[in-house]
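Take a look at the structure set out below.
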Amino acid sequence: MSELHVVLGATGGIGKAVVAELTARGHEVRAVSRNAEGPQGFRADITTAEGAQAACEGAAVVYQCAQPPYADWAAEFVGFTDTVLTAVEKSGARLVAADNLYMYGPVEAPMTEDMPYAAAFPKGRARARVAEMILNAHKEGRVRATLGRASDYFGPGGVNTTLGATVFAAAAAGKTARWLGEPDELHTVNYLPDLAAGLVALGENPKADGYAWHLPVGPPLTGTEFLALVWQAAGGKPKSASLGRGMQRLIGAFNPIVKELGETWYQRDRAFVVDDTAFRAAFPQHVKVTPHERAIAETVAWFKRQA
């Protein structure tokens, strides 16, 4: 059987981290994207059947880390997933899908994998449908598949996230770091290298198949606590602020990216906490969680190097 590990969306934040983790573990890697470069790079448009099949051919495991543009999730994610599923099915590979927490909708308790998919907004419904498609394909015997779920993430290479430009890039440049949402509510955040290690652990363990897993994560922090650690690492005079719902609406009136955040504001006006007990119990030897202080310091250092 082939030992080739294929990463779709290999130039994105999660995809890059998964490629790095697989390489560090000695796996043969094919890093797929439209503009892939280097010896591991494989150029393909996986939104097409031909491109997706070429990308997945010969794979033992496929890591689905690609996604449509954020604003187009509702319109494109289901069709895109169907294309990828068909390609993985033809290849005979196992599928590990990088997932998030949108499908649960508003919650009032720590999130567990058995919670209903209660999201009532377009992006959440799209993510719920995608998860159902993947798990149903597994049940039907079309593919062997698993999902690894994470919250907002940060880390080296984590540029296009709610924590990238507004927190880390700003602090690295000595500007005001802005927390999105209520600064005194607990919020789970995932560190990219740990997130990638969790996905690769699922790829290396077939007993993960058929389930969605919350990837291992450190204890939740409030926005105030998170920003304090950022400035501890960045040095200089701390400059912090929070962006509330009113300001999000105001900026969203002329900024379409900020406007999109309104759908998921429930993730920011109350505690948003992940329970990763199931993963820790099933794969105790694969739990990698970097202490927040070190993870944040490494991220600040990366952003400073980019500047």
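A few remarks follow.
- Pair list, Cβ under 9 Å, 6 or more apart: the stretch 75-88 residue touching a residue at least 24 places away in the same chain (Cβ under 8 Å) and farther than 15 Å from Ala54 by Cα, other residue in a helix (DSSP H, G or I) and charged (D, E, K, R): Phe77/Lys123; Phe77/Arg127; Phe77/Arg129; Val78/Arg129; Thr81/Arg129
- Against the numbered list (1) within 30 Å of Ala271 (Cα to Cα); (2) in a loop (DSSP other than H, G, I, E, B), Ala126 comes up short only at (2).
- When we screen Pro238, Pro220, Pro216 for residues that are within 20 Å of the chain's Cα centre (by Cα), surrounded by fewer than 20 Cβ atoms within 10 Å (Cβ to Cβ) and not acidic (Asp, Glu), the only hit is Pro220.
- For the stretch 279-302, filtered to residues that are farther than 21 Å from Leu221 by Cα and touching a residue at least 24 places away in the same chain (Cβ under 8 Å), the residue that is surrounded by the fewest Cβ atoms within 10 Å (Cβ to Cβ) is Ala282.
- Complete set of residues in the stretch 137-151 that are under 18 Å from Val61 (Cα atoms), of a type outside the set (Ser, Thr, Tyr) and either in a strand (DSSP E or B) or free of Cβ contacts under 8 Å to residues at least 24 places away in the same chain (or both): Gly141, Arg144, Ala145, Leu147, Gly148, Arg149
- Some residue of the stretch 82-91 being on the phi < 0 side of the Ramachandran plot, among the small types (Gly, Ala, Ser), surrounded by 24 or more Cβ atoms within 10 Å (Cβ to Cβ) and not in a helix (DSSP H, G or I): no
- Taking the stretch 241-268 as the range and being buried (at least 17 other Cβ atoms within 10 Å of the Cβ), within 16 Å of Ala165 (Cβ to Cβ) and among the β-branched types (Val, Ile, Thr) as the test, only Val258 passes.
FYI, it's all coordinate maths here, none of it is from the lab. Quick caveat: nothing in here was measured; it's all calculated off a predicted structure. Positions of Cβ are generated from backbone atoms using ideal geometry, with glycine treated the same way; all protein chains shown enter the neighbour counts.
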